[in-house]
Amino acid sequence: MKIISKTLMRPRTLLPLAAALAFGLSACGGGGGGVSSGTANFALTDAPVCNGLQNVFVTVTAIELIGQSGTYSLTLPKPVQVNLTTLTNGAKLFLGSISVPAGTYQQLRLILAANTGNGGSYANYVVPTGSTTQVPLTTPSAQQSGYKINGQFTVAANGQVNLTIDFNACRSVVMAGKSGQYILKPVLNLVDDEQSGSITGYLPTAAAGAVVMAEDNQGHIVKTTVAAAGAASTDPSTFTLAPLPANSTGYNVVIAPPAPSSGTPSPNIAPNVVLSVPVTVGQVTTLGSSSSPLPTITSTQDATYSGTITLEQEADTLIVAQESLNSVTISIAQTNGVESTSSTTTKSYAMVLPTVAPNVASYTSGALKFTQSSTAPAITIQAYASDGESGNTTAANGPIRLSGSSDTTFEMNH
């Protein structure tokens, strides 16, 4: 699968509304009689939420396709509200099939419903961890211009393209300072399912909740999920990373404990890494088995990495903990950080991370052989700002200063 755009994966598919979600098509410009058509099929998936949220609901009303011959508005006959937290480990929500003029399209826009509810019936909202209260989610531009995904894909004459909108809720929901308000700043990828594959794996029972990431050799996170508990209390935990771009040289799969802002990670395990895991179109690459799950390292050796981040421009940040491993860099945790709405802002960050070296294996189709690194990890805290700046510290309690004015996306977007 190739990622065809980016903006500022046991597999299962959720199809409860498929029959009701046929789109209505109206051309806003271009197009004409006699133009051959093709079919675009859309689905929605998500990465796990984080930052103290247990639910993130959005309501989709329409999709717009912008192509060489014009803009085409694709309106759902009935708005669809979805809890993004249910769309992980390869789960998808089918949004519908659309007949459009054959040709090349450069942009897709996701349109959300307006928040007209009052005190418990919002179209878009979050539920903080440990709460039952709906907190409205502010969605700038979601109803007018929509949230855009720039890129290019082709709808062939009398053919079809299957597209998945990958909605990263963890990266997309930002708390506005100490106001208690949440703002949606979507991180969206559009992927072509016909060029995709997946990675699935088995972990020990106690590893349910571990964060699993598919990364490139620079530690850029392409896809994230959370290991799910087995059906029975003694069953292994499982994970699925999908959709993933087909890649013969492979991804580094990092299995790490959750990274809370305080306290001890649970489960308390050191990062484990499988290097160069290949992904083939239409195929599932499996790591471990139900009878022989991948190992984890039990550890009580943790350290709190904390400090301050100073932003000099309006921006929000992503904080990533990374370490070098042989010739590659791996990311072992990430979380949203400082959000500045005006002038210079300084805020604190804190991440509790394991200090035990990871177990490492190079991928093979047979049994994987893990070896624990001989030295403790040297962790770098890297910060990426939505205004294009980045900075880091190797100190356990180090300050990071970011400044800039360019309108670019996080480097970590893929």
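Points to keep in mind about this one:
- Fully extended contour minus Cα-Cα distance, from Thr280 to Thr249, at 0.36 nm per residue: 10.1 nm
- Column: log10 I(q)/I(0), Debye, Cα scatterers of region 65-217, q = 0.09, 0.10, 0.12, 0.19 Å⁻¹: -0.38, -0.47, -0.67, -1.37
- Inter-probe distance in nm under a simple model that places probes 7 Å from Cα toward Cβ, at Thr104 and Ala232: 5.5
- Accessible surface of region 111-260 [probe 1.4 Å, protein heavy atoms]: carbon and sulfur percent: 49
- Overall form of region 152-198 per C-alpha gyration tensor (a/c, 1.5; a/b vs b/c): prolate
- Spin-label model, Thr310/Ser343: points 7 Å from Cα along the beta carbon direction are separated by 1.4 nm.
- Normalised by 2.2 N^0.38 Å, with N the number of residues, the alpha-carbon radius of gyration of region 38-106 equals 1.32.
- Gain on full stretching of the segment that runs from Thr205 to Asn41 - 0.36 nm per residue minus C-alpha separation: 55.4 nm
- Volume of the Cα convex hull of region 289-341, divided per residue and given in Å³: 163
- Rounded to the nearest 20 debye, dipole of region 152-237 from Cβ charges on Lys, Arg, Asp, Glu: 480
- Gyration tensor (Cα) of region 272-378, equivalent ellipsoid semi-axes in angstrom: 35, 18, 12
The values are calculated or read from the model by the stated rules, or taken from the named source; none is laboratory data. Quick caveat: nothing in here was measured; it's all calculated off a predicted structure. All Cβ positions, even for glycine, are placed from backbone atoms using ideal geometry, and neighbour counts span all protein chains on display. In case anyone asks, the SASA skips ligands and DNA or RNA and just uses the protein heavy atoms, side chains included. Shrake-Rupley method; radii C 1.70, N 1.55, O 1.52, S 1.80 Å.
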